Structures are given as structure tokens and as C-alpha cells.
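Peer 1: So that we are looking at the same thing, I have put the structure below in C-alpha cells.
The values are calculated or read from the model by the stated rules, or taken from the named source; none is laboratory data. This structure is a prediction, so every number in the text was calculated from the model and none was measured. Cβ placement follows ideal geometry from the backbone for every residue including glycine, while neighbour counts extend to all protein chains displayed.
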Amino acid sequence: MEPKKFKPTTQQMEDGPERLNKIMVELEKLYPDAKCALVYKNPLELMIATILSAQCTDVRVNIVTKDLFKKYHKAKDFAEVEIGELEEMVKPTGFYRNKAKNIKAACIVIQEKYKGKVPGTLEELVELPGVGRKTANVVLGNAFDVPGITTDTHVIRLSRLMGLSSNTDPVRLEYDLMDIVPQKQWTKFSHMMIYHGRNICNARKPDCDNCSLRKHCSFGLETE
């Protein structure tokens, strides 16, 4: 069975909340120390790193931001930098023109409207250029300790395969998970799902034979 074509049945969806508890227990065993893989020191650095992570690996982003954050420290620095210079520094992350434009524009707003401090609410964050709900939830959950579900590609794929949601739209899937995952665990749940997606549940071929979640996973049970 091809993972991309798999869609959980109505019954599997109805059983999802009950299976989620068992999935959470197993994920906690596998990834007790799961955390954000991006390297940052403050909310501004995390916001910028997350913008750069679109269509790019966290490993490469961390390499780029190591030099980037040595040169620019505050929102004011990014707001005033020449766009060509910023583009050159973030070029290895791909889509660098759009990313540089959004980073500079977001930092201009942060500098002018929030006195250089990254705002700490979802409503304020998503108003910043280049910051959608995914980026906002990453910043809130990891820099401000405000629970948020990050619906990256791993979370979307695994949630569907596990029968926790049939949605592929990030926002709809986020709301589906918010309904069944305890709020205080939203951030940790996202990290654990991302770890599992990277380590076991590969996008092209999930390693179901070596997955301890298989007996709680709709796709895994179908492939036995």
C-alpha cells in the first residue's frame, strides 16, 4: 500500500482519540527528550530560523544561522540590512529571495510596532510577513512556552497514517489534533511526531516492521 494514497476509514477515525493515548505513551518512551532541532537563543532567532526552514533541513538552517546570528543580533539589524546582503547569507536554505524579503519585512514591523520585541500571541505573530500558523506555533511553543501544534509535513503525514485525522490541510489538521491532544502536550506531541517521521516513518517507505507504534496505527495495521 502506498502511504500517499492511504486514507483512514470512518471507523479508524472514530477510534483515533482512544488510540491516541497509547500512541502518546509509546512516543514518550521513544523520544522522552524530543525538542526543537533549530538552534536559537531568543524568540527573534527562532522566528527567523523557522522561516528559513521552509523546504530546507534543520541541519542546513543551523549552519546558515550560526554565521547569520553572529552578524545580526536584533530586529533593528535585520530591518536595516541591505536586502542583497541578507539574500546572500541565507541563499543556502533555498528560496532565499522570498525568505530574505519576509525576514526583513517582519523585522521592520517588529521594530516599529513592537519596539524590537517579537510579539507573544498567535494573532500578532501571524500578522507578520512570512509568519503563518506553523511558524507562529513553533515560536510560541518553544520560545514562549505557550502550547501549540506544529503541522509540518511529518505531523501531517503521520496523523493521517495513524488515523488521527483525514485532513491534509495544515490548519484543518491542526484543529483536529487540538480536539484530541491534551493542550499542555501540544508542543511536545509535535516534536515527538517529527522525530518519529524522521527516524522510522519515512515518507517514501514507512519502516512498519520496526515500528513499535504499528499496533496503534491505522496504516500499520493495514499493512500487517
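Peer 1: Residues that are under 26 Å from residue 107 (Cβ atoms), free of Cβ contacts under 8 Å to residues at least 24 places away in the same chain and touching a Leu at 6+ places or on another chain (Cβ under 6 Å), at least 1 per element: which helices (runs of 4 or more DSSP H) completely within the range 129-224 meet that? So that I can check it myself, show each step before the final result.
Peer 2: Numbers: elements: 133-143, 153-161, 170-180, 186-199, 218-222.
Passing ranges, in order: 133-143.
Peer 1: Turning to a different aspect of this structure: Taking the options 100, 79, 105, name whichever one is farther than 13 Å from residue 45 by Cα and more than 23 Å from the chain's Cα centre (by Cα). Please lay out each step first, then the result.
Peer 2: Details: 100 fails: more than 23 Å from the chain's Cα centre (by Cα); 105 fails: more than 23 Å from the chain's Cα centre (by Cα).
That would be 79, the only listed residue that is farther than 13 Å from residue 45 by Cα and more than 23 Å from the chain's Cα centre (by Cα).
Peer 1: Test residue 218 against the stated conditions and say whether it is out of contact with any strand residue (DSSP E or B) (no Cβ under 7 Å at 6 or more places or on another chain), within 26 Å of residue 11 (Cβ to Cβ), surrounded by fewer than 18 Cβ atoms within 10 Å (Cβ to Cβ) and hydroxyl-bearing (Ser, Thr, Tyr). Steps first, answer last, please.
Peer 2: Working: out of contact with any strand residue (DSSP E or B) (no Cβ under 7 Å at 6 or more places or on another chain): yes; within 26 Å of residue 11 (Cβ to Cβ): yes; surrounded by fewer than 18 Cβ atoms within 10 Å (Cβ to Cβ): no; hydroxyl-bearing (Ser, Thr, Tyr): yes.
In short, no.
Peer 1: Suppose we keep only residues that are in contact with a helix residue (DSSP H, G or I) (Cβ under 7 Å, 6 or more places away or on another chain) and on the phi > 0 side of the Ramachandran plot within the range 127-166. Which one would you say is surrounded by the fewest Cβ atoms within 10 Å (Cβ to Cβ)? Working first, answer last.
Peer 2: Here is the first cut: in the range 127-166, the residues in contact with a helix residue (DSSP H, G or I) (Cβ under 7 Å, 6 or more places away or on another chain) are 128-131, 133-136, 138-144, 146-152, 154-159, 161-166.
Remaining after also requiring on the phi > 0 side of the Ramachandran plot: 130, 163.
Numbers: 130: 20, 163: 27.
My answer is 130.
Peer 1: Right, another one. Quick one: count up the residues across the range 92-128 that are farther than 23 Å from residue 154 by Cβ, assigned to a helix (DSSP H, G or I) and either touching a Cys at 6+ places or on another chain (Cβ under 7 Å) or small (Gly, Ala, Ser) (or both).
Peer 2: Residues flagged as farther than 23 Å from residue 154 by Cβ, assigned to a helix (DSSP H, G or I) and either touching a Cys at 6+ places or on another chain (Cβ under 7 Å) or small (Gly, Ala, Ser) (or both) within the range 92-128 amount to 3.
Peer 1: Additional query: Working only within the range 18-43, note down all residues that are surrounded by 19 or more Cβ atoms within 10 Å (Cβ to Cβ), closer than 13 Å to residue 190 by Cα and within 18 Å of the chain's Cα centre (by Cα).
Peer 2: Within the range 18-43, 27, 34, 36 qualify.
Peer 1: So which of 61, 81, 118 is modelled with pLDDT of 95 or more, among the aliphatic types (A, V, I, L, M) and either within 26 Å of residue 195 (Cα to Cα) or surrounded by fewer than 18 Cβ atoms within 10 Å (Cβ to Cβ) (or both)?
Peer 2: Numbers: 81 fails: either within 26 Å of residue 195 (Cα to Cα) or surrounded by fewer than 18 Cβ atoms within 10 Å (Cβ to Cβ) (or both); 118 fails: either within 26 Å of residue 195 (Cα to Cα) or surrounded by fewer than 18 Cβ atoms within 10 Å (Cβ to Cβ) (or both).
Of the residues listed, the single one that is modelled with pLDDT of 95 or more, among the aliphatic types (A, V, I, L, M) and either within 26 Å of residue 195 (Cα to Cα) or surrounded by fewer than 18 Cβ atoms within 10 Å (Cβ to Cβ) (or both) is 61.
Peer 1: Take residue 78 and tell me if it is in contact with an Asp or Glu (Cβ under 7 Å, 6 or more places away or on another chain), free of Cβ contacts under 8 Å to residues at least 40 places away in the same chain and part of a helix (DSSP H, G or I). Working first, answer last.
Peer 2: Numbers: in contact with an Asp or Glu (Cβ under 7 Å, 6 or more places away or on another chain): no; free of Cβ contacts under 8 Å to residues at least 40 places away in the same chain: yes; part of a helix (DSSP H, G or I): yes.
No, not satisfied.
Yes or no, residue by residue, for (1) within 21 Å of residue 54 (Cβ to Cβ); (2) of a type in the set (Asp, Glu); (3) under 14 Å from the mean Cα position of the chain (by Cα):
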site	(1), (2), (3)
136	yes, no, yes
146	no, no, no
167	yes, no, no
188	no, no, yes
198	yes, no, yes
